[in-house]
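Peer 1: Got a structure here, written out as structure tokens. Questions coming.
The values are calculated or read from the model by the stated rules, or taken from the named source; none is laboratory data. All of these numbers come straight from a predicted model, not from anything done at the bench. Virtual Cβ from ideal backbone geometry, glycine too; neighbours counted across all protein chains shown.
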Amino acid sequence: MALSLTSAIEYRHDTDPRLLDVFLEAIARGDKAALTELYHRTSASVYAFALSILRNASDAEDVLHDTFVTIFTAGATYRSQGKPMAWILTITRNLSLMKLRQESRTSELSQDEWALMADEHQGLTADDALVLHKVMQNLSDQERQIVVLHALAGFKHRETASLLKMPLPTVISKYNRAVKKLRGLLVRGERQS
């Protein structure tokens, strides 16, 4: 079923690839309303992914902004292959890595920054964000990125592997190891409470 821009705005599945393709096609034609809709539906995933790489809320916000500027200016180069989020997050990843190279720094997020992330990601309470903050700081950079892409952005392991340019078995192994590590931390935390 092909979606028009008008029907896409009312479509229920926020990150359905067909929906995002409709928005990207409209953006390629210079449609700023489509960019706004795309932003509302994908910004939480873009921000979370940038944050998982940069570990600095201000830098992640800069990359979020730059990602959508790039999408608007490079929209005509997008070719639908049924994976628009992969294209969007590849832009995010490249901009994040550029930011790291430029500034050569990362820093831990404060509790306020994690709470802000919770506000921007529907369904994540402030308490959930604090727990997420505590456990995520115990993961390696790659583990954190894999967990964010799979658990928060909804990517399949194969898509995560492609985006991060890693072998699929490595992504699955690192994800399972990270989840096991997170469970262990949560269980220990419950025992101490």
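Peer 1: How many residues does region 14-50 contain that are more than 18 Å from residue 79 (Cβ to Cβ) and touching a His at 6+ places or on another chain (Cβ under 7 Å)?
Peer 2: Adding up the residues that qualify gives 2.
Peer 1: Another question about this same structure. Here are some residues: 95, 132, 100, 51. Which one is at pLDDT 90 or above and either surrounded by fewer than 18 Cβ atoms within 10 Å (Cβ to Cβ) or not in a loop (DSSP other than H, G, I, E, B) (or both)?
Peer 2: Step by step, each of 95, 132, 100, 51 is checked, and only 95 is at pLDDT 90 or above and either surrounded by fewer than 18 Cβ atoms within 10 Å (Cβ to Cβ) or not in a loop (DSSP other than H, G, I, E, B) (or both).
Peer 1: Can you tell me which residues in region 15-48 are within 19 Å of residue 90 (Cα to Cα) and not in a helix (DSSP H, G or I)?
Peer 2: Those that are within 19 Å of residue 90 (Cα to Cα) and not in a helix (DSSP H, G or I): 15, 16.
Peer 1: Can you pull out the residues in region 146-174 that are among the small types (Gly, Ala, Ser), buried (at least 19 other Cβ atoms within 10 Å of the Cβ) and not in a helix (DSSP H, G or I)?
Peer 2: 153
Peer 1: Quick check, is residue 155 among the aromatic types (Phe, Trp, Tyr) and modelled with pLDDT under 85?
Peer 2: Here the answer is yes, as residue 155 does meet what is asked.
Peer 1: Which condition number in (1) surrounded by 13 or more Cβ atoms within 10 Å (Cβ to Cβ); (2) at pLDDT below 60 is the one that residue 74 fails?
Peer 2: Condition (2) is where residue 74 drops out.
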